[in-house]
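Colleague: Before I ask anything, let me first share the structure, which is written out below as structure tokens.
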Amino acid sequence: MHSLHAVRAAGKQFRENRVKTVVLGKTSLLFALAMGPTGARDLMGRRAARPCGERKGDVWISMTVNYFLIASLALLKICCAELTQPQYYDPTPPRRADGRRPFYIIGHMVNSVEEIDQFLRQGSNALEADIEFAENGTVVGTYHGMPCDCFRGCFKRTPISKFLEHLRNVTSMRDSRFRGQMSLLFLDLKTTKLSKSAKPVAGVTLAYHLVKHLWKDVHPRYRMNVLLSIGYVKDRDVTRGAISYLMKKGHGALLRNIGFDVGMNDPLKSIARMYKKLQINGHRWQGDGLSNCLRFIMPLDRLKAAVKLRDSERGYIDKVYHWTIDLPFYIAKSVRLGVDGIITNQPHNVLGVVTSIFFQKRLKVATMKDSPWQRFRRSPQEVLEDEGNNDTNIVAGGEETPSE
């Protein structure tokens, strides 16, 4: 009886020692991987130096460790590969069966909750809002101020949390009245006058409010895409701050909903260099234009150059927009330049042009099903047609009051 107990106890002890050996072996292996190739060689060398009798009982342990080593190295390789990829770049998906180019009707200077509803009712599928910051970089809310577009008021203010939450409620929730219609929030970031130290803070606080007030509790399929438009290349620390916040706080997946723009008139080559330094390889919009009051004095050379970069294989631009165009005649001329979107005070006019018999075979109004980061190049035939139809180097803006 005592012998039977002794045998069982010895067996139990053997099994426990075997488990401990495997666990210790795996632990040692992880330390060896952390120390690099030298650590791994030292670990295997110590095992080889053990007496032959001890090594025989560990054949299955060695096999287990070898398999674990292979799996660990494979996992390490995958992780390293993932870390080296820019998390804010989605490879361009293949074109849909519907080859028409999605077009963005961007409501201009939408800085109040009332204007959100108004511009969406008039046909906008994207809204542009002006974002104001305190001197220390903290985001305050929406506000444009002077100078203003002709025939528009520009002094409306809305706290950032109220603005974003209302937008989320009317576009992104299950029972939202405009669900699926709006696919892009264009944020014109008024950060040029901020100090250098305040600009990263602006990016961080803006990203925080987007996460908390715009994207929280929203299904990924209906999560609003946001274009962060800085004024000039010198404001790039705002962009860097926003990206850094999302990555550090574990919101890297949200970068697929973020796009980038330099909204004023810096040289295109300078903007391309900025993106290269920031390692931003996609989601890049580029605009050109002027207030509708002064539209008639703005040449189109820079806009045409941006469209040409968009159409090229190596250009940095994914989408091109034109601002601020209000009258149908000039909207049509702008569309024929090959732009992907127009900022306008009169979205119903842009909607009428885009859906007219002249453009309905080439363009469609973008929806949530269309990625605002996907590049659509014109065919050579489309380029020839557009160049033949445009007989001026100036596109005026103008204004027309909608009849409601």
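Colleague: What would the Debye formula give as log10 I(q)/I(0) at q = 0.10, 0.15 Å⁻¹ for the alpha-carbon point model of the range 101-389, no solvent?
Modeller: Computed log10 I(q)/I(0) values: -0.48, -1.18.
Colleague: Sticking with this one: Under the 0.36 nm per residue contour assumption, what length would be gained going from the current alpha-carbon distance of Asp117 and Thr138 to full extension?
Modeller: That pair, Asp117 and Thr138, stretches by 4.9 nm at full extension.
Colleague: Among Leu303, Gly282, Pro102, which residue has its Cα positioned farthest towards the positive end of the charge dipole of the range 101-389, with +1 placed on the Cβ of Lys and Arg, -1 on the Cβ of Asp and Glu, and the dipole taken about the Cα centre?
Modeller: Gly282
Colleague: When N is the residue count of the range 170-291, what does its C-alpha Rg come to as a fraction of 2.2 N^0.38 Å?
Modeller: For the range 170-291, the normalised Cα radius of gyration is 1.08.
Colleague: Neighbouring Cβ atoms within 10 Å as the yardstick, rank Tyr330, Tyr222, Tyr275 fewest first.
Modeller: Fewest to most other Cβ atoms nearby, the residues stand as Tyr222, Tyr275, Tyr330.
Colleague: In nm², what is the average projected area of the convex hull enclosing the Cα atoms of the range 298-372?
Modeller: 5.5
Colleague: Neighbour counts of other C-beta atoms within 10 Å: give me Ile271, Ile325, Ile317 arranged from fewest to most.
Modeller: If I rank by nearby Cβ atoms, fewest first, I get Ile271, Ile317, Ile325.
Colleague: Moving on to the next point. Whole Å is fine, so just give me how far the alpha carbon centre of the range 203-278 lies from that of the range 109-134.
Modeller: 19
Colleague: Amide H of Val140 versus every other amide H placed in the peptide plane: which residues, excluding those fewer than 5 positions away on the same chain, fall under 5 Å?
Modeller: For Val140, the qualifying residues are Glu132, Phe133, Ala134.
Colleague: Still on this model: Set the bar at 32 Å for Cα to Cα. Now go through Lys190/Lys216; Lys216/Lys269; Lys190/Lys269; Lys196/Lys216; Lys193/Lys333 and name every pair that lies beyond it.
Modeller: Long pairs (Cα-Cα over 32 Å): Lys216/Lys269; Lys193/Lys333.
Values quoted throughout were computed directly from the atomic coordinates according to the rules given, and no laboratory measurement underlies them. Everything numeric in this text was worked out from a predicted model, so none of it was measured. Because the Cβ atoms are built from the backbone with ideal geometry, glycine has one as well, and the counts that use them run over all protein chains shown.
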